[in-house]
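Some notes on the structure that comes next.
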Amino acid sequence: MARKKIIYYKVPDNYWFRIHFVRPRFKGNIENVLLYMANECCRIPKCSCEEYNKKYFNAIKMFPGNIDMADKTLHNWRTEIPALFGFYKEDKENDVTETSKMAFFLHEHQDLTQFLRLFLFSFQFPGGHMKPKDIKDIIYHGIRFKPARTIIQVLMAGNKILGEEGSEKEMSISAEEATYCIFNDIRVTSSKLAPDKIAHTILDNRKNKVKYYNPNDSNTLSLKGTARTKGDMTRYAGDILDYMEIANLLDKHNGYYSMKGNELAALMTFANDVTWFSGYESFYKKDEIETTDLSKVEPIWFEYVNNSMKPDLFKTDIISIIGQHEEIDVVFEDRIRDVVLSDDRTTKDIGNLGEAIICGHEKMRLKINGYEEFIKLIQIVDSPNYHPGYDIDSFEADGTEYHRYIEVKTTISKQKIQMYGFHMSPNEWSVAGTIKEHYYVYRLMLSEKDKILFVLRNPVALYKNDKIDAEPRNGMEITFSTEHFEPTELLIWKR
């Protein structure tokens, strides 16, 4: 019996260009690394390039698991983090380096989902995340490409096509399809093919059982002349798709990515995006381009990206974090309801959500311990005009009428976070030192699948007894480990 001939999808050679960019070695742990490095960068004061680099490199080395890592790998981290995420600004001419707005944004807002959306929203080709010689190639090929926007436009176009065919299926895309039909086709990356044409191509290829990876195709050859693996061919498109999943824009099932069902507003913002960094536009008109001239645009690019960190854009969908059917009957339950339903959510609302959840925890803790008469006395005490150094006034439930003063520190991410640092303001640290054993920090980490709570009692004493680390920076930067602390069960209030 004759073997059935394999049909391969082929991008015409004159339209083939392999998009590539910096790939972080830590992609599988990206949320923990970004949160940790943003926090660490915010501890480093403005200083000489050499001094900043030493402190920055030491922070990388102290990341859990890195202490025995080879210097070559650590140096790769050192270049990859600023190249992609711009956590610091280096001015070699004046010998000054300082932490960027991007690092401060993530550190202060503690919303990794929003941060990654903003990163994806500004990420484009050409961009300062690339080496000048690679930017030169991008420009010579007429490429102007925003990957996240194009992917979403193609998925939306595919949904429309499937709907018109009477199908109830959702349009999806694999890393292979994105690589060959989007990323490495100049007709797409230079905006010469409309999203519906791309979607049609993908759907037709599926119907005709067309394959993509062909090791005998000359376009798969590496610089050494050997065929790249399928994983190597698809890794750049795969990276962007993975970032979009972590940013809660896409769902992934069996290697295929589809649009997140309850994120229409965010998806439409990407689909309708017309923003563009125009710093390289003048080079498209030149016959000869000097890489030194392209290098001069890099700081302007990172300034553009830093200014794209807008607190009111892409606020995290709280429903996806706390769950649609969970009990939210807590003191000040309107706080949660308002945060969940609001289309005008602010960063402060993330804190409000944490406070409301901890209020429910405290109510249940008092009830379990037989102190129901104190439940109605629990208060969320902060206000825009007055902050006493803590968020919640509760009770110890230890046979006394002593109060328990609680400062809530909340972080939101899609995946589970394992970095336990947080910032305490000068006022919070001072009040903690005054109240002592009745002052608590509740470190609450909310992700799609986990809600983890750590309770730190009397943080000033913990610091003096070497149970936590504290470093002065407009207050105190606190870090702790699971060596001294175990998670506390997060209680859900039930009447």
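For region 109-139, the tally of residues that are touching a residue at least 12 places away in the same chain (Cβ under 8 Å), open to solvent by 10 Å² or more (accessible area, probe 1.4 Å) and out of contact with any Phe, Trp or Tyr (no Cβ under 9 Å at 6 or more places or on another chain) stands at 2. Only one of the numbered conditions (1) over 30 Å from residue 62 (Cβ atoms); (2) out of contact with any His (no Cβ under 9 Å at 6 or more places or on another chain); (3) loosely packed, with under 15 Cβ neighbours inside 10 Å is not met by residue 402, and that is (2).
Is region 470-488 home to any residue that is closer than 20 Å to residue 368 by Cα, modelled with pLDDT of 90 or more and open to solvent by 90 Å² or more (accessible area, probe 1.4 Å)? Checked region 470-488: no residue is closer than 20 Å to residue 368 by Cα, modelled with pLDDT of 90 or more and open to solvent by 90 Å² or more (accessible area, probe 1.4 Å). Suppose the filter is within 27 Å of residue 189 (Cβ to Cβ), modelled with pLDDT of 95 or more and open to solvent by less than 60 Å² (accessible area, probe 1.4 Å); does residue 82 pass it? No. Being surrounded by fewer than 20 Cβ atoms within 10 Å (Cβ to Cβ) and under 26 Å from residue 152 (Cα atoms) holds for only one residue in 296, 285, 211, 224, and it is 211. Please verify whether residue 466 is on the phi > 0 side of the Ramachandran plot, open to solvent by 20 Å² or more (accessible area, probe 1.4 Å) and at pLDDT below 95, treating the condition exactly as stated. Considered against the rule, which asks whether it is on the phi > 0 side of the Ramachandran plot, open to solvent by 20 Å² or more (accessible area, probe 1.4 Å) and at pLDDT below 95, residue 466 comes out as yes.
Residues of region 18-31 that are open to solvent by less than 40 Å² (accessible area, probe 1.4 Å) and in contact with a Ser or Thr (Cβ under 7 Å, 6 or more places away or on another chain): 19, 31.
A Cβ distance below 9 Å, combined with a sequence gap of six or more or placement on separate chains, defines the contacts here; from region 87-102, residues that are at positive phi reach residues that are open to solvent by 80 Å² or more (accessible area, probe 1.4 Å) in the pairs 95/50. When restricted to residues that are open to solvent by 10 Å² or more (accessible area, probe 1.4 Å) and at pLDDT 95 or above, region 165-179 contains 4. Is one or more of the residues making up region 30-37 assigned to a strand (DSSP E or B) and modelled with pLDDT of 90 or more? So far as region 30-37 goes, no, none of its residues is assigned to a strand (DSSP E or B) and modelled with pLDDT of 90 or more.
Condition check: assigned to a helix (DSSP H, G or I), aliphatic (A, V, I, L, M), free of Cβ contacts under 8 Å to residues at least 40 places away in the same chain and under 30 Å from residue 445 (Cβ atoms). Does residue 59 satisfy that? When the stated conditions are applied, residue 59 passes them. Report yes if residue 7 is touching a strand residue (DSSP E or B) at 6+ places or on another chain (Cβ under 9 Å), open to solvent by less than 20 Å² (accessible area, probe 1.4 Å), under 30 Å from residue 180 (Cα atoms) and modelled with pLDDT of 90 or more, otherwise no. The answer is no for residue 7. Taken together, 414, 449 contain a single residue that is of a type in the set (Lys, Arg), out of contact with any Cys (no Cβ under 8 Å at 6 or more places or on another chain) and over 18 Å from residue 351 (Cα atoms), which is 449. Residues considered: 406, 412, 417. Of these, the only one that is β-branched (Val, Ile, Thr), modelled with pLDDT of 95 or more and within 30 Å of residue 31 (Cα to Cα) is 406.
Within region 180-203, being surrounded by fewer than 21 Cβ atoms within 10 Å (Cβ to Cβ) and over 23 Å from residue 13 (Cβ atoms) holds for 196, 203. Looking at region 405-425, is at least one residue of a type outside the set (S, T, N, Q) and exposed (fewer than 13 other Cβ atoms within 10 Å of the Cβ)? No, region 405-425 contains no residue that is of a type outside the set (S, T, N, Q) and exposed (fewer than 13 other Cβ atoms within 10 Å of the Cβ). Tell me whether region 468-477 contains one or more residues that are of a type outside the set (Ser, Thr, Tyr), touching a Leu at 6+ places or on another chain (Cβ under 8 Å) and either part of a loop (DSSP other than H, G, I, E, B) or without any contact (Cβ under 8 Å) to a residue 40 or more places away in the chain (or both). Yes; the residues of region 468-477 include at least one that is of a type outside the set (Ser, Thr, Tyr), touching a Leu at 6+ places or on another chain (Cβ under 8 Å) and either part of a loop (DSSP other than H, G, I, E, B) or without any contact (Cβ under 8 Å) to a residue 40 or more places away in the chain (or both). Scanning region 384-407 finds no residues that are under 28 Å from residue 40 (Cα atoms), of a type in the set (Phe, Trp, Tyr) and either touching a Ser or Thr at 6+ places or on another chain (Cβ under 6 Å) or touching a residue at least 60 places away in the same chain (Cβ under 8 Å) (or both). Across region 230-240, not a single residue is classified as more than 24 Å from residue 22 (Cα to Cα) and either among the hydrophobic types (A, V, I, L, M, F, W, C) or modelled with pLDDT of 95 or more (or both).
Just a yes or no: is a residue in region 34-49 touching a residue at least 12 places away in the same chain (Cβ under 8 Å), within 30 Å of residue 142 (Cβ to Cβ) and among the hydroxyl-bearing types (Ser, Thr, Tyr)? Checked against the condition, which is being touching a residue at least 12 places away in the same chain (Cβ under 8 Å), within 30 Å of residue 142 (Cβ to Cβ) and among the hydroxyl-bearing types (Ser, Thr, Tyr), region 34-49 yields no hits at all. In region 446-454 there is no residue that is part of a loop (DSSP other than H, G, I, E, B), open to solvent by 20 Å² or more (accessible area, probe 1.4 Å) and free of Cβ contacts under 8 Å to residues at least 12 places away in the same chain.
If you go through region 45-67 and pick out every residue that is under 27 Å from residue 413 (Cβ atoms) and open to solvent by 20 Å² or more (accessible area, probe 1.4 Å), you end up with 8.
The values are calculated or read from the model by the stated rules, or taken from the named source; none is laboratory data. These numbers come from a predicted model, not from an experiment. In this analysis, Cβ positions are derived from the backbone assuming ideal geometry, glycine residues included, and neighbour counts consider all displayed protein chains. For the accessible areas, the whole protein counts, side chains as well, though only heavy atoms, and no ligand, DNA or RNA atoms are used. Shrake-Rupley method; radii C 1.70, N 1.55, O 1.52, S 1.80 Å.
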